Amino acid sequence: MDKKYLNIVLFEPEIPQNTGNIARLCACLNAKLFLVGRLGFNITDKHLKRSGLDYWDKVEIEKVIDFEEFEKNFPFSTNPYFLFTTKSTKKYTEVEYPMGSFLIYGPETRGLPNFIREKYKENCVTIPMRESLRSLNLSNSVAIGAYEAVRQLGGIY
C-alpha cells in the first residue's frame, strides 16, 4: 500500500475488541495500524475478528516485535510521534499533526511505560477529562486523536 498520511500505533494492546474497533477505524480513515510488542490476545481471537467486522481486508496492519524495533524501522528523526497519555498536561488539540504522523497509545490497563514517555516527553499529549477518573476507553481515545489529526490534515485521503 502507499505511504499513509496517518499511522496508529498500539503498544501491547490487551483487549481484542478495542483492537478490532481500532482496526475498523483505521480502515475507514485509510490509516495504517501498528501492533507493537506482546498482545494480550491471540490474533485469531473471535472477539477481535467480530469487532473489526468485514473491514480486515481494507486495513493495513503491521506487527512489530517491540518498541525498539519500531523505533529502528520508523525513527523519530524522520517520523513525527505523538504519545497519548494521561500523564501529560499538553492537550491533544494544542499540537500540529503533520502528514505521516504516528499516534501512539499504550495498553488499556497500564498506559505507555515510563521509558517511552520519558524519551519523547515533549511529544506527549492528553485528552482532557475529569481529574478523579482514570482514563477513557482505548478505542475512544484513538478515535478522538485520529479525528483531530484528520481535521487538521483537511480530511480523509
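Annotations
- Once you reduce segment 70-114 and segment 1-36 to the center of their Cα atoms, the two points are 14 Å from each other.
- Tail fraction, Cα-Cα pairs, segment 6-153, threshold 22 Å, whole percent: 34 percent
- Across 46/91; 63/87; 63/119; 32/72, pairs whose alpha-carbon gap is larger than 24 Å: 46/91; 63/87
- Under 5 Å, built H, 5+ apart or other chain: amide partners of residue 124: 83
- Once the Cα-Cα distance is subtracted from the 0.36 nm per residue extended length, the residue 157 to residue 79 segment shows a gain of 26.2 nm.
- Between 76, 34, 11, the Gaussian network model of the chain with springs among Cα atoms under 10 angstrom shows the greatest mean-square fluctuation at 76.
- Amide hydrogen neighbours beyond the local backbone of residue 62, cut-off 5 Å, H modeled: 33, 34, 35
- A quarter of the convex hull surface defined by the alpha-carbon atoms of segment 65-143 gives 5.6 nm² as the mean projection.
- Report note on the peptides 127-135, 93-101: ranked by the mean count of other C-beta atoms within 10 Å, highest first, their order is 93-101, 127-135.
- Global geometry of segment 1-45, whether rounded, prolate or oblate, following the gyration tensor of its Cα atoms and the 1.5 cut on a/c: prolate
- Label-point separation, residue 129 to residue 44 (7 Å along Cα→Cβ), nm: 3.4 nm
- At full extension, residue 60 and residue 28 could sit 10.4 nm farther apart than now, given 0.36 nm per residue minus the alpha carbon distance.
- Most positive-pole-ward Cα, 112, 95, 21, against dipole of the chain from beta carbon charges: 21
Rule-based calculations on the coordinates, nothing more; no lab input. These numbers come from a predicted model, not from an experiment. Virtual Cβ from ideal backbone geometry, glycine too; neighbours counted across all protein chains shown.
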